[in-house]
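Comments concern the structure below.
Every read-out reported here was derived from the displayed coordinates using simple, explicitly stated rules and does not represent laboratory data. All figures in this text were calculated on a predicted structure; none of them were measured in a lab. Counting neighbours? That spans all protein chains shown, and the Cβs are built from the backbone with ideal geometry, glycine included.
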Amino acid sequence: MQQPRYRREDLQLGIVHLGMGAFVRAHMAVATEAALHATGDLRWGICGVSLRHADVRDALVPQQGLYTVATRDADEHGQARQHLQVVGCVRELLVAPDNPAAVLQRLAAAATRIVSLTITEKGYCRDPANGTLQWDHPDIVADLTQPDAPRSALGYLARSLALRRAQGLGGITLLSLDNLPANSHTLRGLLLALAERLDPALADWITTHCSFPCSMVDRIVPRTTAADVDVVSRALGCQDAAPVLAEPFFDWAVEDHFAAGRPDWQHGGARFVPEAAPWETLKLRMVNGAHSCIAYLGAAAGWATVDAALGHEPLRRFVDALLRDEVAPTLPALPGLDHETYRAALLQRFANPALAHRTQQIAMDGTQKLPQRLLGTVRQRLVQGQPIKHLALGLAAWVHYLSGQDETGARYAIDDPLAGALQAHLAAAPTDALDAARHWLRFATVFGDLADCEPLARNMALALAALRQHGVEQSLASWH
Ligand code: CS2
């Protein structure tokens, strides 16, 4: 088992991370830990901030911020195995609603050089279809009225950067690690829109002094269960209240422009690239696009985990064909990247039997995810007059899944920030499959300018009719 080999008490807090969920603890924190070990540069401790819930702080503070990353897969005999690493670079944990002043102070501290974010798609208060700031979002409305007591992540950033500017401190790097297209540029656009309204001089200062490198992050990190806590704690020989699980695979392609330095993350597997955009498109369309299709088809069928879903041969063949025939042809060529190899490796990652990654976990927040995962590919293929049969089945699976009941009769809740609007739209949906497909294309936050797209409506209608009539497995089996 790996453990910190540097003096934790000497760590400075050079990174403040907003959204201290499992993903960042299994990704950027692991790369930071590797950099600390390789270089001994102790400027890069992490302060983890939760914007809503206290659970991570409450679990980690009694164990001084230490936690375990358990990487899991199966050996050549299919036997599950795990490797444990205790990570030490998280030195402070804060919860924004409990102590907003402490969060602002940390963000505005002289030692802070990077503010990174994994706040999920919905945390950006951004309209998913057109990418603009949601001015009517309650948190944004509150942040415009009371900018010194922020609620949204953008509000915290704007306020703390105003404090840095007032103190005469230099600029910092703002680094989004979320699955959004052009993630940090998206963050910059939204932050500048807010800052411009609050104080145009602040927006100018941010533009001049801060940097926003985009990056592609990739690692599958399923939610930790109580059973995982027990298994890891037993293997560790002491209680860890909040371990995180991950696949062994790790990737991070990040643009190298950091306003105030950065850790040598390449020691932990990061790749510094001139432009992250082609890597982001590849990853969002292949990994996340396929993931969402598996999630909706799987959840609707009653297949609880990604590997269990992939165990159904028609689903595996469908995902393979989706990626090979419809997604990969839309992707730019990348040096050293072979789409065949990438696809085969991806299917193997999805089939990892030791992760138990729940389809319902990936299915959440569909309204925030589908545009960048599937609809960019759809638009591109439609313009080029190419078939979208598999993509349409993925989208129809989302609609089918929204009924809230799987094929075994089990009911589940729809976890989405727009759940209310989805329910109202569902209640008003016509029965006929083509009318229903046209109706769903008018759900503007997701489909935007595709509202009247007849080719998409017809493809989705065929898929929807098949799913309703024959169920998931049979529809997949005949979907060529
Ligand atoms: C998943 C991602 O939950 C989801 O929506 O598609 O979290 C996915 O596991 C990661 O992006 C993989 O890098």
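Values for this structure:
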| read-out | value |
| --- | --- |
| Gyration tensor verdict on region 392-467 (Cα atoms; rounded if a/c is under 1.5, prolate if a/b is larger than b/c, oblate otherwise) | oblate |
| Within the chain: Cβ-based charge dipole about Cα centre, in debye rounded to nearest 20 (Lys, Arg +1; Asp, Glu -1) | 360 |
| 0 to 90° range, to nearest 10: angle between helix 200-209 axis and the chain longest Cα axis | 80 |
| Normalised alpha carbon radius of gyration of region 136-281 [divisor 2.2 N^0.38 Å] | 1.28 |
| Separation in nanometres of the label points that stand 7 Å from Cα toward Cβ, at Gln3 and Val61 | 2.5 |
| Theoretical gain in end-to-end length, Asp338 to Asp251 [0.36 nm per residue, Cα-Cα removed] | 29.7 nm |
| Hull-based mean projected area of the chain, where the convex hull spans the alpha carbons, in square nanometres | 22.3 |
| Extension gain, Glu407 back to Asp432 (0.36 nm per residue minus Cα-Cα distance, nm) | 7.0 nm |
| Value of relative contact order over region 1-135, rounded to a whole percent, pairs C-alpha under 8 Å and six or more apart | 33 |
| Ala142-Asn99 pseudo-label distance in nm [points 7 Å out on the Cα-to-Cβ vector] | 2.0 |
| Euclidean distance between Cα centres, region 75-95 to region 122-197, Å | 31 |
| Residue order, fewest to most beta carbons within 10 Å, for Met28, Met1, Met20 | Met1, Met20, Met28 |
| Positive-end extreme of charge dipole, region 193-336 - chosen from Phe318, Trp265, Gly289 (charges on Cβ) | Phe318 |
| Global form of region 129-176, assessed from the alpha-carbon gyration tensor, a/c cut-off 1.5 | oblate |
| Size descriptor, Kirkwood hydrodynamic radius, that averages inverse alpha-carbon separations across region 281-325, Å | 10.5 |
| Arg223/Ala166 FRET efficiency (R0 35 Å; Cβ-Cβ; nearest 0.05) | 0.30 |
| Cβ crowding within 10 Å averaged over residues, with 317-325, 420-428, 286-294 ranked highest first | 286-294, 317-325, 420-428 |
| Debye intensity ratio I(q)/I(0), log10, region 176-260, q values 0.18, 0.21, 0.24 Å⁻¹ (C-alpha model) | -0.83, -0.94, -1.09 |
| Alpha-carbon centroid distance for the pair region 381-449 / region 267-292, whole angstrom | 26 |
| Scaled radius of gyration (Cα, divided by 2.2 N^0.38 Å) that region 196-351 gives | 1.32 |
| Protection proxy ranking of 183-193, 104-114 - average other beta-carbon atoms within 10 Å, highest first | 183-193, 104-114 |
| Gap separating the Cα centres of region 302-380 and region 24-49, nearest whole Å | 30 |
| Relative contact order for region 140-194, counting Cα pairs under 8 Å that sit 6 or more residues apart, in percent | 29 |
| Shape category assigned to region 8-99 from the gyration tensor of Cα positions, a/c cut at 1.5 | oblate |
| Whole-percent pair-distance distribution, where bins are 10 Å wide, for the alpha carbons of region 50-111 | 19, 34, 25, 15, 7, 1 |
| Highest average packing first - 130-139, 160-169, Cβ atoms within 10 Å | 160-169, 130-139 |
| Rel. contact order, % - alpha carbon contacts under 8 angstrom, at least six apart, the chain | 15 |
